[in-house]
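The values are calculated or read from the model by the stated rules, or taken from the named source; none is laboratory data. Model, not experiment: these values are computed from the prediction. Neighbour counts are summed over all protein chains in view; Cβ atoms, including those assigned to glycine, are modelled from backbone coordinates with ideal geometry.
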Amino acid sequence: MHSGCIKMKSELRKEYIKILKMEVEGPEPSRLKELNQSNGEEILRRETPLSRYGAGILYPRVDSLESFTNTLSDGINDDSAETSDFEGFIDTNEDLQNVSPYAQPKRITDEEDNDSNDDLIKMVNAYKPSAMGLSCIIPKNAGVLTVEINCASYLKKHFDCHYCSKIEDPSKANCRYCGSSKKKTKEAYFRLPLKYSFKINAEELLNKKEFKKTLKPSDSSENYKSEIGFLKDSKGLDLYLLVSDSNNTSENEYLLRISLINNNSSEMDLEKGYADIKSEDCFFQCGFNIKVDQSSDGFSPIETQNALHSERDIAINNLLYRNRPVFAIGNGCSADWESMGNKSFSIRTECVPTYEMHKIDAQQKERFKDVSFNFLNLSDKGSKKETLKNLKKLPQIYDAWLSKKDIESDDLPEKLKPAAKNNILQCRKALSRIREGISILEKDETAMRSFRLMNRAILLQHLKTKQKTLDWKLVKGEIYDEPEIKDEYVEIDLSDKTTWPDLGYDPGWYPYQLAFILINLKSITDKTSDERENVECLWFPTGGGKTEAYLGLIGFSIFHRKLKNPHSQGVISVMRYTLRLLTAQQFQRASSLIVACDFIRNENQNELGTIPISIGMWVGPMTPNTRKDAKKNVSELIEQHGKAENRMIMTKCPWCSCSMGVVSMLNSENNIEKQVFGYVVDQKSVRFVCENSKCHYSSLKRPIPVYVVDEDIYEIKPSLLVGTVDKFARLAWDNSNQDSINLFRYIKKDHQDAPDLIIQDELHLISGPLGSVVGMYETTIQNIFSSRYKNQTIYPKIIASTATVTRAPEQMNQLYNKKYDSEKFISEMVNLFPHPVLDYDDSFFGKEDIDPEKSRVYVGLNPSGYSDPKTAQVRIISSLLQGTKSLNVDEEKDRDPYWTLMAYFNSIRELSGVSTLVHQDIKSGYMPQLQNRLYPDVFEKIGKLDKEKSSEAWSESPIRNIFQIKDLELTSRQTNDISEALKRLETSYPSENRDIVDICLATNMISVGVDISRLGSMLVVGQPKTTSEYIQATSRVGRKYPGVVFVWYNNSRPRDKSHYEQFRAYHQKIYSKVEPTSITPFSNQVRERALHSQIFILAKYFGSRNAIDFPDNQTREIIKQIILDKVAATDKSEYEDTAQKIEDIFNRWEDFSELTDWGNMGGTVPSAQEYYLMFPFGKEPPSYMKDQTFRTLTSMRNVDAECKGQIIERYDEL
């Protein structure tokens, strides 16, 4: 336990990082001073330095220096340099480590399943480096260069173990402390630190173009501290400085390459294919730094190009990141530097680089210190006058700030001014819309009433989601154990803050959230407004509260419609996601808002009506499609005591937070028992009824207004519909009842209600093949969602939300532009908010917060010295799991942020390999060895205890109990209840719950929408394929506590190495590195897969109930025009081909004389008399209809055909 002052969480994070760095790079002196040298230096007792460490090692060379210097790559972007496969960075595949003839070919035993056969070649070309270096640009007036080099060598010597004499029976056991028995000579490796420092005259260097210095161990300035001497036979290190001209340097600058090379050599064993390397010939913990005179111009920034970005994006990025220059590129290592404004006078190598990414603060307390945006004051419980007064201060403060930025922009370099002026212009456009929104509230009583009720609903939702979950317990009854709620439930009273959860803050809006709502009020209150056709893109870094912003807009829309017409029904808003995990978690948050809205409606039935405000979840097989399926699922859950898959989704009441669904409890015999709560089966369907008798929704007469069964959703038409984009592929498969098409329109007595809002969250995921197919379907979706009002066709307002996007206007043009000229739509009808201004770290609505307690630190790992990638992963994961228990904390609960390790993988195949490692190589393999090395004395004590006492000793010791390590998988192949998995992740340490997660293995399924605030630690295994995925995934940790992300780079993959070598350069400008998206909704491939679906959907929408109801000429022309209008607006080059394809589809449909039905998504054909218009894409239709039926997508994601494998011949065993 830690004594003295209380440790900050960021200090624990530093300690955690240090633990891992000592594991992979070293040194790691023992905590027992008897096991170290007398000067405190490390002694490796059980293993060689080569088997112990993996990073920061320079191996002996095998070839000549001349070849090396001729092929040295500078890694800086000039005409001769190759660019890497991710834009803006230099390809360092042929870096010092790879091209050096000193480099030792690495013996590969990797059995990792890689994405292609090319990985075999990559593994063959992986090397153990004998050199490391930096590339930089120095000025002519550099003056004197000061070079400092630090490294270590290890000397093999006899070791007298202090503890060997204490072994009770030497014949039966090795010494736990040194690993040897008395039968063997004890030998160990003693660490010898080496340090060199000298100065180089820059003028002489520039004239001679090179500098070489040999550094022998005997020359080290640390030798006087050594008690063990030094390696006399070592040839030491060579330091090389090479100067050359470059196309990217000015006449006052030169390109400088600094290289540190192991001058020892090893003999190559030609038969084995690798050199016999000895630890004594290697140098460990290597690194150097180089400084120039501060009176000079300093190191010059290295410019990188973003070839894939548009000119507009490049100009904006150059402006925003102008104060984050790159001063060095690593070769075989990573590069870092000390910044002094836009200058640097010191650069260095880093083998385990770190970068602290600060949080963008959305609250802006200092900027808005005299303004109150809290929910209560803005609600109907506050003053209308004060509401308007506070709202008007928002544009006033923004206006004054923009005026200052306008003046600042005048001092910018000329090449940056156009981007700056355009940014400010876009901000002033948003400012004008904010003021207009306030004006609407001031003049329109209905809008003001809707706004204030929405604020009350948001406050209730906020408080309800912060309530402690009401868990169930079993108490001993006369015959059986009976369930009851553990804690007393206190209903929240907004007028009595003592009933509120203990928040520690006054809940309210972030300024950007409120501004975004105000900006969009006109589009909701005036359906005929020109702004209704605009597409809004809400952009803010992950974890900044985007969900609350559009939930507020949804709440306003619901109340506004109800106030206008209390009898209105139908879907008001649609929230669409791409991943089912994201959908499930956001559904829980949205449900709390909807029950809050319904609670308010129930109190104000005279003005809001008697029809409940409700929410539905419309997804794929994750939820029941039919009421019959739902009843069956609940019956199975009850009969199997919760062991069946729970497809009903709801795990707690959205009003009182009482546990629902399958609940685990301890019975009187201290065994886990599972029961099902809150799922009530009636004659019609399954209803959600809270079993907390004090809850507002505890009666079957007033069930929770939440629906997850498709048939219920089609009948109820919930106010808010939450679903995946994939589900909309079902529109084409609608039967004659047209359930899914009619879901989005409600017609009664000539009054038609259609959705007012479409919320598309995580916009960046709508790209590539999925984005192209979605873009095609948007053609029909927006028409189905449309309605007629004042003789106009009214479309829903589209809101997109993302934390990472490049070329957003172009992407949204392809997705949502129905008929407008592309240039007009991109420049005038797509609005990004908050829009950047002059600096990335301050957009007015978001400013970088340098508080380390709110930051996330990224740590780069490239331990190329380990024998294979699996070894690296085993050691890193073992160290991180044990490291949490090794932390020096004040209280056990302080370990919680780092207790559950999130391990992120780029594919399920990679994850599967590590999943096996967790159970075999980690828990029962390396981790016990690691623990015994760190705590041999503790291990010895626990080993002497009986089982009951040892269990208690484990928990009190600094050793993590390997027998209780539990893992969890979150991937697309998961069949278990996702909600239950998320619930497990929310369990904090320490906990009575035996099911706390120690390591969660996940793929990109968790990269969006998973908001579990306790998580603080993540390991990313291999650089993700896109920067947006990397940002999204790593943002899952560090929400509430200081976060840390360890990134393991596969040394055999050039792209991984490139990211590692430019670790800081990449991370300090990470949002500018987001790759542009590609969407082509009317390309030939997409037309073949999805165009006919759009025709069938629109035909059904305009009246074709059955497949034989071929549309008349007028309807066909309308359908054709709807589709071609979008083609003309988004991709004119595809217009003629698309028009011809439409004609072909109509002709084929009309000529299908045997046609009997639309078809079904399962592809089942009852008899040979059935002829279907559609057959599931990827499945083979019956031969008699093969040439006539249309192969139709059942999902927008899986667009590849299925193939079956069949054994055609068997071979006898050899």
Screening 689, 619 for residues that are closer than 26 Å to residue 725 by Cα and either in contact with a strand residue (DSSP E or B) (Cβ under 7 Å, 6 or more places away or on another chain) or not polar (S, T, N, Q) (or both) leaves only 619
In this structure, is residue 339 outside any loop (DSSP other than H, G, I, E, B), closer than 30 Å to residue 422 by Cα and in the same structural domain as residue 144 (by TED's automatic domain parsing)? yes
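Results for (1) at pLDDT 95 or above; (2) more than 26 Å from residue 1066 (Cα to Cα), shown as yes or no for each residue.
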position	(1), (2)
269	no, yes
276	no, yes
290	yes, no
295	no, yes
313	no, no
Quick one: count up the residues across region 1031-1051 that are over 17 Å from residue 14 (Cα atoms), touching an Asp or Glu at 6+ places or on another chain (Cβ under 9 Å) and crowded, with 24+ Cβ neighbours inside 10 Å. 5
Could you count how many residues in region 427-460 are β-branched (Val, Ile, Thr) and surrounded by fewer than 20 Cβ atoms within 10 Å (Cβ to Cβ)? 3
Where residue 914 falls short, out of the listed (1) closer than 30 Å to residue 399 by Cα; (2) among the hydrophobic types (A, V, I, L, M, F, W, C); (3) outside the structural domain of residue 799 (by TED's automatic domain parsing): (1)
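Yes or no, residue by residue, for (1) under 30 Å from residue 780 (Cα atoms); (2) touching a Leu at 6+ places or on another chain (Cβ under 6 Å); (3) of a type in the set (A, V, I, L, M):
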{"site": "663", "(1), (2), (3)": "no, no, yes"}
{"site": "671", "(1), (2), (3)": "no, no, no"}
{"site": "679", "(1), (2), (3)": "no, no, no"}
{"site": "701", "(1), (2), (3)": "no, no, no"}
{"site": "707", "(1), (2), (3)": "yes, no, no"}
{"site": "719", "(1), (2), (3)": "yes, no, no"}
{"site": "729", "(1), (2), (3)": "yes, yes, yes"}
{"site": "762", "(1), (2), (3)": "yes, no, no"}
{"site": "767", "(1), (2), (3)": "yes, no, no"}
Among the residues of region 232-247, what is the count of those that are surrounded by fewer than 18 Cβ atoms within 10 Å (Cβ to Cβ) and at pLDDT below 90? 5
Among what's in region 282-326 and is surrounded by fewer than 17 Cβ atoms within 10 Å (Cβ to Cβ) and aliphatic (A, V, I, L, M), pick the residue that is farthest from residue 346 (Cα to Cα). 308
If a residue must be closer than 16 Å to residue 413 by Cβ and out of contact with any Leu (no Cβ under 8 Å at 6 or more places or on another chain), how many such residues does region 316-342 contain? 8
Please specify each residue of region 1023-1043 satisfying the condition of being in a loop (DSSP other than H, G, I, E, B) and touching a Phe, Trp or Tyr at 6+ places or on another chain (Cβ under 7 Å). 1023, 1024
Every residue in region 889-916 that is in a helix (DSSP H, G or I) and of a type in the set (A, V, I, L, M), please. 908, 911, 914
Counting only residues that are buried (at least 16 other Cβ atoms within 10 Å of the Cβ) and more than 26 Å from the chain's Cα centre (by Cα), which one in region 886-912 is farthest from residue 961 (Cα to Cα)? 889
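Conditions tested, residue by residue: (1) at pLDDT 80 or above; (2) under 15 Å from the mean Cα position of the chain (by Cα); (3) within 30 Å of residue 577 (Cα to Cα).
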{"site": "931", "(1), (2), (3)": "yes, no, no"}
{"site": "937", "(1), (2), (3)": "yes, no, no"}
{"site": "957", "(1), (2), (3)": "yes, no, no"}
{"site": "963", "(1), (2), (3)": "yes, no, no"}
{"site": "968", "(1), (2), (3)": "yes, no, yes"}
{"site": "984", "(1), (2), (3)": "yes, no, yes"}
{"site": "1026", "(1), (2), (3)": "yes, yes, yes"}
{"site": "1035", "(1), (2), (3)": "yes, yes, yes"}
Just the residues that are assigned to a strand (DSSP E or B) and surrounded by fewer than 20 Cβ atoms within 10 Å (Cβ to Cβ), please, taken from region 253-281. 253, 265, 268, 269, 274
So which residues in region 662-690 are of a type outside the set (A, V, I, L, M, F, W, C) and over 23 Å from residue 629 (Cα atoms), if there are any at all? 664, 667, 668, 669, 670, 671, 673
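Residue-by-condition table, conditions (1) within 24 Å of residue 730 (Cα to Cα); (2) surrounded by 20 or more Cβ atoms within 10 Å (Cβ to Cβ); (3) of a type in the set (Asp, Glu); (4) out of contact with any Gly (no Cβ under 7 Å at 6 or more places or on another chain):
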position: 761; (1), (2), (3), (4): yes, yes, yes, yes
position: 765; (1), (2), (3), (4): yes, yes, no, yes
position: 768; (1), (2), (3), (4): yes, no, no, yes
position: 800; (1), (2), (3), (4): yes, yes, no, yes
Working carefully through the options 443, 468, find the one that is among the basic types (Lys, Arg) and closer than 16 Å to residue 653 by Cβ. 468
Select from region 445-477 the residues that are among the basic types (Lys, Arg) and in a helix (DSSP H, G or I) and list them in ascending order. 449, 452, 456, 464, 466
For region 903-921, pairs from a residue that is touching a residue at least 40 places away in the same chain (Cβ under 8 Å) and farther than 21 Å from residue 1032 by Cα to a residue that is among the small types (Gly, Ala, Ser) and outside any helix (DSSP H, G or I), with Cβ under 7 Å and 6 or more apart or across chains, are 914/903
Does residue 403 qualify as being touching a helix residue (DSSP H, G or I) at 6+ places or on another chain (Cβ under 9 Å), loosely packed, with under 15 Cβ neighbours inside 10 Å, polar (S, T, N, Q) and part of a helix (DSSP H, G or I)? no
